[in-house]
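Colleague: Attaching a single structure in structure tokens format; questions to follow.
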Amino acid sequence: EKLKGTGANSIYLMAVRSHGGDGEASHNPFLDHDPGKGLNPAVLDQWETWFSEMDRNGIVIYFFFYDDEARIWKTGDQLGKNERGFLRALVDRFKHHKNLIWVLAEEYEERFSPLRAVRMAAAIRSADEHGHPIAVHKLEGLNFREFAQSPIIDQYAIQFDAPDNR
């Protein structure tokens, strides 16, 4: 409601801001804020309401799975069963929205390797038959060479505040 009529055409939503991210321990979509208990249907229902309204008003949802430095599952370059289930559940729940871009993580390189990011993107792509864009966001710089060979990453989001063009 706040965005309607403002000229705004996009907004970030970060699913997990806890677990090392910039948010509090409760800033995640889990029951009792515990990943081991699964996703909280009430939170997902609230997001559904927001996303439906955004779709009706042509507002693009940048759906970030993780805030910067947030990491729940410490599985190195691998994508474990729990994280794969988390990604699939969120994609399955929201993929019907038309104005949606999946973003792996804000400042992905603070917690995830390029290989892990590609594996996350592959899991998202396999769950989304609608083909929504999949983006990766970097802390700084314009160099995305680590993804040049990946046909899965569709968009590069930058935070350009560095004094040079690294």
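Colleague: Testing residue 42 on (1) hydrophobic (A, V, I, L, M, F, W, C); (2) touching a residue at least 24 places away in the same chain (Cβ under 8 Å); (3) farther than 24 Å from residue 155 by Cα, one condition comes back false. Which one is that?
Modeller: Among (1) hydrophobic (A, V, I, L, M, F, W, C); (2) touching a residue at least 24 places away in the same chain (Cβ under 8 Å); (3) farther than 24 Å from residue 155 by Cα, residue 42 violates only (2).
Colleague: From the set of residues in region 31-67 that are of a type in the set (Phe, Trp, Tyr) and open to solvent by 30 Å² or more (accessible area, probe 1.4 Å), which is farthest from residue 132 (Cα to Cα)?
Modeller: 50
Colleague: Return the residues of region 2-30 that are open to solvent by 30 Å² or more (accessible area, probe 1.4 Å), in contact with a strand residue (DSSP E or B) (Cβ under 7 Å, 6 or more places away or on another chain) and modelled with pLDDT of 95 or more; say none if nothing qualifies.
Modeller: Within region 2-30, 14 is the sole residue that qualifies.
This table checks each residue for (1) out of contact with any Asp or Glu (no Cβ under 8 Å at 6 or more places or on another chain); (2) among the acidic types (Asp, Glu).
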| position | (1), (2) |
| --- | --- |
| 104 | yes, no |
| 108 | yes, no |
| 116 | no, no |
| 119 | no, no |
| 135 | no, no |
| 140 | no, yes |
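Colleague: List pairs: first in region 133-152 and open to solvent by 50 Å² or more (accessible area, probe 1.4 Å), second modelled with pLDDT under 85 and polar (S, T, N, Q), Cβ under 8 Å, 6+ apart or cross-chain?
Modeller: 139/159; 140/159; 142/165
Colleague: Okay, moving on. Can you find a residue that is within 15 Å of the chain's Cα centre (by Cα), at positive phi, outside any helix (DSSP H, G or I) and surrounded by 14 or more Cβ atoms within 10 Å (Cβ to Cβ) anywhere in region 68-85?
Modeller: The answer is yes; a qualifying residue exists.
The values are calculated or read from the model by the stated rules, or taken from the named source; none is laboratory data. Note that the structure is predicted; figures quoted are calculated from it, not measured. A quick note on method: Cβ atoms are made from the backbone with ideal geometry, for glycine too, and the neighbour counts reach across all protein chains shown. When the accessible area is computed, the model is the full protein with side chains, heavy atoms only, and any ligands, DNA or RNA have been set aside. Shrake-Rupley method; radii C 1.70, N 1.55, O 1.52, S 1.80 Å.
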